[in-house]
There are 2 protein chains.
Amino acid sequence: MAKEKKLVEAITSMEEDFAQWYTNVVKKAELIDYTSVKGCMVIKPAGYALWENIQHELDTRFKASGVENVYLPMFIPESLLQKEKDHVEGFAPEVAWVTHGGMEPLQERLCVRPTSETLFCDFYANEIHSYRDLPKVYNQWCSVVRWEKTTRPFLRSREFLWQEGHTAHATAEEAQERTIQILNIYADFCEEVLAIPVIKGRKTDKEKFAGAEATYTIEALMHDGKALQSGTSHNFGDGFAKAFGIQYADKDNTLKYVHQTSWGISTRIIGAIIMVHGDNSGLVLPPRIAPTQVMVIPIRQQQEGVLDAANEVKDALASAGLRVKLDDSEKSPGWKFSEQEMRGIPVRIELGPKDIEAGQAVIVRRDTREKITAAIAELPQKVAEVLSLMQSEMLERARAHREKHTYTAATKEEFITIANNKPGFIKAMWCGSRECEEEIKEKLAVTSRCMPFEQEQISDTCVCCGKPAKKMVYWGKAY
Amino acid sequence: MAKEKKLVEAITSMEEDFAQWYTNVVKKAELIDYTSVKGCMVIKPAGYALWENIQHELDTRFKASGVENVYLPMFIPESLLQKEKDHVEGFAPEVAWVTHGGMEPLQERLCVRPTSETLFCDFYANEIHSYRDLPKVYNQWCSVVRWEKTTRPFLRSREFLWQEGHTAHATAEEAQERTIQILNIYADFCEEVLAIPVIKGRKTDKEKFAGAEATYTIEALMHDGKALQSGTSHNFGDGFAKAFGIQYADKDNTLKYVHQTSWGISTRIIGAIIMVHGDNSGLVLPPRIAPTQVMVIPIRQQQEGVLDAANEVKDALASAGLRVKLDDSEKSPGWKFSEQEMRGIPVRIELGPKDIEAGQAVIVRRDTREKITAAIAELPQKVAEVLSLMQSEMLERARAHREKHTYTAATKEEFITIANNKPGFIKAMWCGSRECEEEIKEKLAVTSRCMPFEQEQISDTCVCCGKPAKKMVYWGKAY
């Protein structure tokens with residue numbers, strides 16, 4: 001029994017130390033493990049199954065919008081990386097360099113892709129000649145490398161998995177449409193599938209992607225009041241096209257530069273799922289993304305008929321299209337409950353001899369712990385209803401948490417007080433100058449998250465310098 | 001019209017120059033493109049869609065057999081690579097080395113994984129403690145890097161995509177069972193889905209994987225009579241476990257070493273599809289793996305009603321679960337036929353005003369060019385039948401080709417005559433010595449492909465040295 005308690009005991013509570021709680025959960029829920037490769041992680045079956053579901057959901061949405069998948073090399077020759085000035089400045093300090101192939105030094109060193117704009121541009125310069133070749137709407141699922149100094153599982157690691165879409169269009173309007181279309185796909189996916197509400201907006205020039213004309217973002221609020229940038233979509237205009245010479249002959253027979261976009265979402269989003277929905281018993285997975293939605297846990301399974309009944313329940317739920325498992329291991333029911341809770345499986349079904357006699361079972365929701373007794377024959381329908389309700393209530397709860405932790409500051413004093421005392425988003429006006437952003441960041445460790453599409457007029461003047469305001473900005477401390 | 005002819009004209013015939021034909025097909029069928037990164041390729045949408053289908057088919061089979069997917073880092077510290085002696089000797093000469101992260105030199109250089117045995121062993125040494133932790137049956141889909149000097153699309157490139165399964169078991173028997181189970185999954189997949197017949201067998205010690213106790217292989221014969229190793233499954237025994245200290249406490253409370261396997265299939269298999277089924281009009285895809293199975297091509301599409309009818313046909317086929325597209329571009333029908341043939345789309349449907357009047361359409365098989373007239377209302381059923389027949393006939397044709405190009409040699413003279421004049425497999429006896437293998441390779445550029453599971457007694461003596469024979473071997477020139 002002493003050993004059995006360990007699983008739950010080993011978790012630090014989130015109120016005590018949120019960072020430690022997070023680290024405990026990713027390990028105890030068996031999402032990742034550390035490796036001998038500093039700053040890199042193993043994504044274990046429970047973590048990778050989550051990523052596979054995320055991939056499937058996004059890939060289906062991408063393809064419905066005309067995206068085609070491709071695969072480009074993982075290496076970028078140094079000369080290619082240097083072709084776009086802002087881009088190389090943004091990435092060169094944090095790439096890994098390959099200098100030897102086999103026993104020989106390379107003539108030109110290669111970086112392991114931190115992102116693939118330069119490779120796609122090189123590719124498109126060969127592929128695009130005429131307006132008939134446009135648009136190109138390509139995406140790849142791959143891993144990328146950024147040589148981060150401090151790392152945390154999912155949130156910041158030297159290697160991570162993501163998708164990166166790269167498109168080329170005939171006109172600026174079409175590129176802008178695609179940029180926003182993808183941002184909306186990301187936002188809908190986060191809200192509908194991950195039950196994570198997001199703020200859609202545009203990044204300030206200071207925070208935009210290296211080489212982009214405009215960067216759009218979805219920003220989510222974690223349970224501890226910190227923000228997480230959860231996906232970005234960039235409009236490059238024709239900047240990269242000019243640097244790489246990507247031109248097409250238009251219908252009027254003149255040569256024109258293409259307009260490009262890129263957009264990505266990564267395994268970082270798994271960090272958001274953990275930090276938005278998790279609690280002191282571990283992970284809580286939204287039913288639509290959970291690899292296992294239901295765990296059937298028999299009580300007194302050694303008694304005759306219990307395991308048979310549990311298997312029948314499992315089969316009935318599976319036939320109804322639910323992702324269900326049966327835990328018939330030799331552990332105690334209490335231990336199994338703890339494991340199911342730690343792993344965030346949305347509901348469990350408790351089924352013992354007395355339940356079977358009464359023709360019923362108990363459904364326990366992971367998020368609220370609510371217990372629902374239901375007739376065994378009605379379980380498939382009942383569990384589906386519980387999962388559906390849980391999915392929508394998780395979104396509403398996360399939205400309510402965000403609203404509760406979103407503050408407005410009309411003056412500098414208000415801003416400082418909130419920033420120092422109330423973790424969350426701060427809505428405040430901004431004059432548009434980089435100096436004000438830098439001052440706020442330096443003094444308060446708060447950054448501009450985005451200029452939201454839904455603007456409000458909090459006051460007339462910049463919360464930092466007092467000059468006339470141009471935009472309302474969401475500010476916050478961020479991961 | 002001059003421009004329209006180009007597509008087909010640009011292909012060298014396979015009889016004239018098979019290597020050039022292959023290069024033409026991969027480019028013209030738009031499977032790949034070359035890049036600024038020497039030895040690496042872009043896998044374009046048509047090529048990547050093929051790989052996605054291969055992944056889906058294999059992944060489903062793997063999961064049904066208990067495999068779970070994970071993701072391990074792409075980097076291997078040099079000290080880790082060196083832990084197993086044979087393994088490092090096999091791979092160190094052909095890996096890419098990362099020596100700098102950002103602006104700083106690394107304390108220890110990292111190689112980009114050429115394969116991940118060492119990482120999995122390092123991981124398993126942490127994960128496995130008790131018999132309860134076994135078996136581990138993990139797989140990952142990723143890219144790997146081997147610094148090849150001469151490269152060819154799909155067949156040999158510096159970076160390629162694959163899956164690598166790595167398992168750990170309590171007993172030698174269980175490891176051997178898993179090794180063969182996966183080999184059978186590979187073989188069934190190749191035959192059932194890719195219509196590629198394969199020889200299953202064991203590699204000689206000379207040809208086995210660096211660090212393995214035994215390597216099993218599936219070997220396929222290409223149209224030009226050369227062999228292609230199409231998938232391998234290795235039994236490591238406890239060699240790696242001893243090098244990495246992977247031990248578990250058994251039920252009897254003694255510490256034992258685990259027994260391990262690994263197995264992989266890569267984008268190389270796309271090369272096999274091309275070289276087994278392709279012809280002088282381009283690619284020929286087996287229906288079960290083809291991303292697009294049917295192309296509807298309207299004739300005189302500007303005439304009223306033609307495009308409507310073509311769209312109705314497309315919708316009817318899609319509703320029947322077929323992967324179908326309509327080519328309503330402004331190209332001529334002849335050009336569209338050439339494109340559909342080059343891309344290997346299994347059947348096309350020709351539909352013009354006269355067909356529509358007669359309530360019929362023409363189905364054209366890509367492999368035989370056979371034309372089948374069918375009533376429009378019966379198209380979904382008829383096309384499904386044609387695709388099913390084509391799938392099985394492609395396998396039979398490939399099998400007949402292989403049988404026709406499989407020779408037996410009882411004496412050294414016969415062996416030399418066949419090796420020098422008849423491209424194909426040679427079945428011949430072998431004494432088991434490495435010297436004989438090396439002599440044959442050096443003099444005839446022929447290697448041992450495998451010791452097939454289905455042994456025959458061609459003669460009593462080794463075809464090279466004349467000593468008593470131990471095994472019948474499939475020999476051949478190989479990619």
Task: Partner chain coverage, peptide B:46-55 - average Cβ within 10 angstrom - done: 2
Open item on the list: Compute the distance from the alpha-carbon center of region B:131-157 to that of region A:281-333, in whole Å.
Closed with: 35 Å
Open item on the list: Using a 7 Å offset from Cα along the direction of the beta-carbon, what are the separations from B:Ala410 to the same position in each other copy, nm, ascending?
Closed with: 10.5
TODO: May I ask you to give the percent of accessible area on region B:153-285 that is carbon plus sulfur, with a probe radius of 1.4 Å?
DONE: 43 percent
TODO: Return the long-range amide H neighbours of A:His234 (sequence gap of 5 or more, or a different chain), with a cut-off of under 5 Å between placed amide H atoms.
DONE: A:Tyr216, A:Ser262, A:Trp263
Task: region A:266-280 and region B:401-451: distance between their alpha carbon centers, rounded to Å - done: 59 Å
Open item on the list: Quick check on region A:380-465: take the gyration tensor over C-alpha atoms, sort the square-rooted eigenvalues as a ≥ b ≥ c, and tell me if it's rounded (a/c under 1.5), prolate or oblate.
Closed with: prolate
Open item on the list: At q = 0.15, 0.24, 0.26 Å⁻¹, what log₁₀ I(q)/I(0) does region B:168-231 have when each alpha carbon counts as one equal point scatterer in the Debye sum?
Closed with: -0.52, -1.06, -1.14
Task: Loop trypsin sites (Lys or Arg not before Pro), region A:182-235, which have at most 11 other Cβ atoms in a 10 Å radius of their Cβ (DSSP) - done: none
TODO: Report, largest value first, the span of the C-alpha coordinates of region A:416-479 along each principal axis, in whole Å.
DONE: 26, 23, 19
TODO: Quick one: grab the alpha carbon gyration tensor of chain B, order the square roots of its eigenvalues as a ≥ b ≥ c, and give me rounded if a/c is under 1.5, else prolate or oblate depending on whether a/b is larger than b/c.
DONE: prolate
TODO: Could you point to the residue in B:Gly102, B:Cys431, B:Pro135 farthest towards the positive end of the protein assembly as shown's charge dipole, with +1 and -1 charges on the Cβ of Lys/Arg and Asp/Glu respectively?
DONE: B:Gly102
- [ ] Can you tell me the relative contact order of region B:154-289? Whole percent, Cα pairs under 8 Å, sequence separation 6 or more.
- [x] 31 percent
Open item on the list: Suppose we look only past 11 Å in the calculated P(r) of region B:127-173. What percent of the Cα-Cα pairs does that tail hold?
Closed with: 73 percent
TODO: List the equivalent ellipsoid semi-axes of region A:247-405 in whole Å, largest first, each obtained as the square root of 5λ for an eigenvalue λ of the Cα gyration tensor.
DONE: 43, 19, 15
TODO: Could you work out how far apart the two model spin labels at A:Thr150 and B:Lys27 are, taking each label as a point 7 Å from the Cα in the direction of the beta carbon, and quote it in nm?
DONE: 5.2 nm
Open item on the list: I'd like the trypsin sites (Lys or Arg not before Pro) in region A:241-301 restricted to DSSP loop residues with at most 10 other Cβ atoms within 10 Å, sorted by number.
Closed with: A:Lys251
- [ ] May I ask you to give the percent of accessible area on region A:354-479 that is carbon plus sulfur, with a probe radius of 1.4 Å?
- [x] 50 percent
Open item on the list: Taking loop as defined by DSSP and a crowding limit of 13 other beta carbons within 10 Å, which chymotrypsin sites (Phe, Trp or Tyr not before Pro) in region B:354-458 fit?
Closed with: B:Phe453
TODO: State in Å² the accessible area per residue of chain B; use a 1.4 Å probe, count heavy atoms of protein chains only, and round to the nearest integer.
DONE: 41 Å²
Open item on the list: Can you give me the angle between helix A:268-277 and the longest principal axis of chain A, using Cα atoms only, in degrees from 0 to 90, rounded to the nearest 10?
Closed with: 40 degrees
TODO: Please report the relative contact order for chain A, taking Cα pairs under 8 Å with a sequence separation of at least 6, and give it as a percent rounded to a whole number.
DONE: 14 percent
Task: Cα-only Debye scattering, the protein assembly as shown: base-10 log of I(q)/I(0) at q = 0.05, 0.09 Å⁻¹ - done: -0.34, -1.14
TODO: With +1 on each Lys and Arg Cβ and -1 on each Asp and Glu Cβ, and nothing else charged, work out how big the dipole of chain B is about its Cα centre, in Debye to the nearest 20.
DONE: 780 debye
Task: 0 to 90° range, to nearest 10: angle between helix A:379-404 axis and chain A longest Cα axis - done: 50 degrees
- [ ] State the answer as a single residue: which of A:Ala212, B:Ala170, B:Ile182 lies farthest towards the positive end of the charge dipole of the protein assembly as shown, with beta carbon charges of +1 for Lys and Arg and -1 for Asp and Glu, about the Cα centre.
- [x] A:Ala212
Task: Inter-site label distance for A:Gln181 and A:Arg399 at 7 Å from Cα along Cβ, in nm - done: 2.7 nm
Open item on the list: Once the label point is set 7 Å along the Cα-to-beta-carbon vector, what list of distances in nm do you get between B:Asn253 and its counterparts in the other copies?
Closed with: 9.2
Open item on the list: I'd like the FRET efficiency for B:Asp205 and B:Phe453, computed as 1/(1 + (r/R0)^6) with the beta carbon distance as r and R0 of 30 Å, rounded to 0.05.
Closed with: 0.95
- [ ] Let me know the longest stretch in chain B that avoids all GluC sites (Glu not before Pro) found in a DSSP loop with at most 10 other C-beta atoms within 10 Å.
- [x] B:17-303
TODO: State, to one decimal in nm, how far the label point of A:Lys422 lies from the label point of B:Ser392, with both points 7 Å from Cα in the Cβ direction.
DONE: 7.3 nm
Task: Rounded to 10°, Cα long-axis angle of helix B:306-319 versus longest principal axis of chain B - done: 30 degrees
- [ ] Please give the total accessible area that chains B and A bury against each other, computed with a 1.4 Å probe and expressed in Å² to the nearest 100.
- [x] 4200 Å²
- [ ] Can you list the distances in nanometres, one decimal and ascending, from the A:Glu442 label point to the identical position in each other copy, with the point 7 Å along Cα to Cβ?
- [x] 7.4
Open item on the list: I need the shape label for region B:155-201. Rule: rounded when a/c is under 1.5, else prolate if a/b > b/c, else oblate, with a, b, c from the alpha carbon gyration tensor.
Closed with: oblate
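The values are calculated or read from the model by the stated rules, or taken from the named source; none is laboratory data. It should be emphasised that the depicted structure is a prediction, and the values quoted were computed from it without experimental measurement. Every residue, glycine as well, gets a Cβ built from its backbone with ideal geometry; the counts of neighbours run over all protein chains shown. Side chains included, ligands, DNA and RNA excluded: accessible areas come from the protein's heavy atoms. Shrake-Rupley method; radii C 1.70, N 1.55, O 1.52, S 1.80 Å.
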